[in-house]
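Read through the structure below, which is laid out as structure tokens, and then see the notes.
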Amino acid sequence: MTFNPHHCHNEREVESKLIVQYLLPKLGYNAEHWYQQVSFGKVRLDFLVSAQKPINKKQFLSSHCLIVEAKNPREKLINHRHRLGYYLNYFKVQWGLLTNGYEIQLYQRKPDKIYLVFRCSGLEIAAHLEQLKSLIG
């Protein structure tokens, strides 16, 4: 099974067709490892990928997590990098993935700065899954 970004017309379809149906399973995460629309106060994450669901912000500090933010296919990801960086710093999470279906970007937080460590097009994601897996573990 491959992913085709041309089948995504809005943010919900990016969430369902790319993240839920394709990317998370291909990275080895089953339904027990990810949570959608996770809220902590005024912060709402599109996806939180973790071995266990944190019940408060403090539990983030002790668990290895990945925050995934999905955007509308017409959105430029550069416009949302700052918000993802805020989430990574606020929760002290090391990894954040940002996608609009057409592009996938992986960011890593190192102390209080985030760095783009991986980027590929949605059409090329199948060829880069092993690389992505090796980065986020």
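Observations, loosely collected:
- Scanning the range 14-36 for residues that are over 12 Å from the mean Cα position of the chain (by Cα) and open to solvent by 50 Å² or more (accessible area, probe 1.4 Å) yields Lys17, Gln21, Pro25, Lys26, Gly28, Asn30, Ala31, Glu32, His33.
- Taking (1) among the small types (Gly, Ala, Ser); (2) on the phi < 0 side of the Ramachandran plot; (3) in contact with a Leu (Cβ under 6 Å, 6 or more places away or on another chain) in turn, Ala126 satisfies each apart from (3).
- Number of the exception - Gln108 against (1) open to solvent by less than 20 Å² (accessible area, probe 1.4 Å); (2) under 13 Å from Val68 (Cα atoms): (1)
- All told, Ser121 falls short of being on the phi < 0 side of the Ramachandran plot and at pLDDT below 95.
- Residues that are in contact with a Phe, Trp or Tyr (Cβ under 9 Å, 6 or more places away or on another chain) and touching a residue at least 24 places away in the same chain (Cβ under 8 Å) were ranked within the range 2-13; the one that is most open to solvent (accessible area, probe 1.4 Å) is Thr2.
- Against the numbered list (1) touching a Lys or Arg at 6+ places or on another chain (Cβ under 7 Å); (2) closer than 15 Å to Glu75 by Cα; (3) not acidic (Asp, Glu), Leu129 comes up short only at (2).
The values are calculated or read from the model by the stated rules, or taken from the named source; none is laboratory data. All values reported here derive from a predicted model rather than from experimental measurement. All Cβ positions, even for glycine, are placed from backbone atoms using ideal geometry, and neighbour counts span all protein chains on display. Quick note on the areas: whole protein, heavy atoms, side chains included, nothing else; ligands and nucleic acids left out. Shrake-Rupley method; radii C 1.70, N 1.55, O 1.52, S 1.80 Å.
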